[in-house]
Amino acid sequence: MPTGTLHLLAHAKINLALTVGPPDAGGMHPIASWMTAVDLADEITVTRIGDGQASVFDRRLEDGTPVPWPEETDLVVRAHRAVERVAGPLPVRVSVVKHIPAGGGLGGGSSDAAVMLRALDVHFGLCLGQAGLVEIALSLGSDIPFFLDEGVKPGDPPRGALVTGMGDRVDRLGPRRWPGEWVLICPPFGCETGAVYRAFDRDPRVFRPGEVERVARGSVFDSSALFNDLAGAAEVVRPDLARIRRGLADVLGVGVHVSGSGSTLFVVDPPGGVGAVRRAVSRIEPGAIVVEVTPT
């Protein structure tokens with residue numbers, strides 16, 4: 001029986017451009033998004049244990065306290081169970097240390113699930129292949145295929161991509177040079193994805209996949225061209241998000257963007273650097289966390 005332990009990182013993502021279409025008959029929204037990973041990451045350790053033993057999941061925040069959501073809703077656990085439905089029992093001991101804020105639009109749970117899928121495939125020699133992994137991923141969440149990059153080793157950050165359809169079409173983009181400093185602002189609250197989409201449906205936007213592709217494939221990075229169709233809906237769900245974003249934009253004098261369905265904000269190359277962002281946040285929303293990151 002193969003043994004050993006895999007120590008892997010599950011990277012966060014940000015949506016640099018995101019447009020959302022009207023829902024289909026099943027209530028699913030088509031999207032087009034330019035996504036990139038950043039070096040903020042959860043830590044996941046997967047150890048194969050003896051046949052017949054029950055799998056064990058230890059899920060903690062970075063301060064060591066247990067995560068505040070039940071095991072049955074955790075995407076790491078759900079990914080494990082989804083693979084077991086295909087491959088049979090896969091006994092493992094899993095440790096997760098969460099550094100990516102939950103409910104922040106950074107894809108932490110989706111990234112964790114993708115790492116879990118690849119770890120099980122490697123540990124047990126399942127040979128599921130990219131198509132098999134993506135099929136399982138789509139049963140769990142539409143962001144997960146972005147993190148399943150067969151062009152990098154498990155635990156390495158996925159390459160940037162243009163993601164379309166229901167998240168199932170992932171067109172990897174080449175490397176690019178990113179400008180200046182990148183700063184995340186993580187408010188002391190999350191945005192529930194379902195609530196944000198319901199708010200969006202009450203005030204939809206024009207679906208602009210061509211515009212996302214134009215911005216993503218442009219030869220020069222232009223932070224003023226970034227946009228997010230879900231930003232307004234996230235601010236309806238969490239009005240304090242609008243207050244924080246507008247206050248930071250006024251103080252910093254640059255665009256402040258929403259990632260995914262919120263609540264995380266990000267700023268590209270702010271005047272005065274990360275120090276200026278920290279000072280502004282301390283006045284506008286002292287409970288928010290400021291994290292300097294690097295796109296990968």
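Set side by side, the residues Val97, Val67, Val134 differ, and just one is closer than 22 Å to Trp34 by Cβ, outside the structural domain of Thr193 (by TED's automatic domain parsing) and of a type in the set (A, V, I, L, M), which is Val134. In the set (1) within 23 Å of the chain's Cα centre (by Cα); (2) crowded, with 16+ Cβ neighbours inside 10 Å; (3) modelled with pLDDT of 95 or more, the condition left unmet by Leu252 is number (1). Out of the residues in region 148-167 that are among the acidic types (Asp, Glu) and within 15 Å of the chain's Cα centre (by Cα), state the one that is farthest from Pro22 (Cα to Cα). Applying the filter and picking the extreme gives Asp156.
Taking every residue in region 244-270 that is in the same structural domain as Leu230 (by TED's automatic domain parsing) and assigned to a loop (DSSP other than H, G, I, E, B) and pairing it with any residue that is among the aromatic types (Phe, Trp, Tyr) and surrounded by fewer than 22 Cβ atoms within 10 Å (Cβ to Cβ), at least 6 positions away or on another chain, the pairs with Cβ-Cβ distances below 7 Å are Ser263/Phe189. Considering the conditions (1) in contact with a Lys or Arg (Cβ under 8 Å, 6 or more places away or on another chain); (2) within 25 Å of Val86 (Cβ to Cβ); (3) not aliphatic (A, V, I, L, M), Phe189 is excluded by exactly one of them, (2). In the set (1) touching a Lys or Arg at 6+ places or on another chain (Cβ under 9 Å); (2) among the small types (Gly, Ala, Ser); (3) over 30 Å from Asp229 (Cα atoms); (4) crowded, with 20+ Cβ neighbours inside 10 Å, Gly108 fails one condition alone, (3). Restricting the search to region 98-117, which residues are touching a residue at least 40 places away in the same chain (Cβ under 8 Å) and not small (Gly, Ala, Ser)? Result: Lys98, His99, Ile100, Pro101, Leu106, Asp112, Val115, Met116.
Under the condition of being among the small types (Gly, Ala, Ser) and crowded, with 18+ Cβ neighbours inside 10 Å, which residue from region 191-222 is farthest from the chain's Cα centre (by Cα)? Across region 191-222, the extreme among qualifying residues is Ala199.
The values are calculated or read from the model by the stated rules, or taken from the named source; none is laboratory data. Not measured: the values here are computed from a predicted model. Note that each Cβ is placed from the backbone with ideal geometry, even for glycine, and that neighbours are counted across all protein chains shown.
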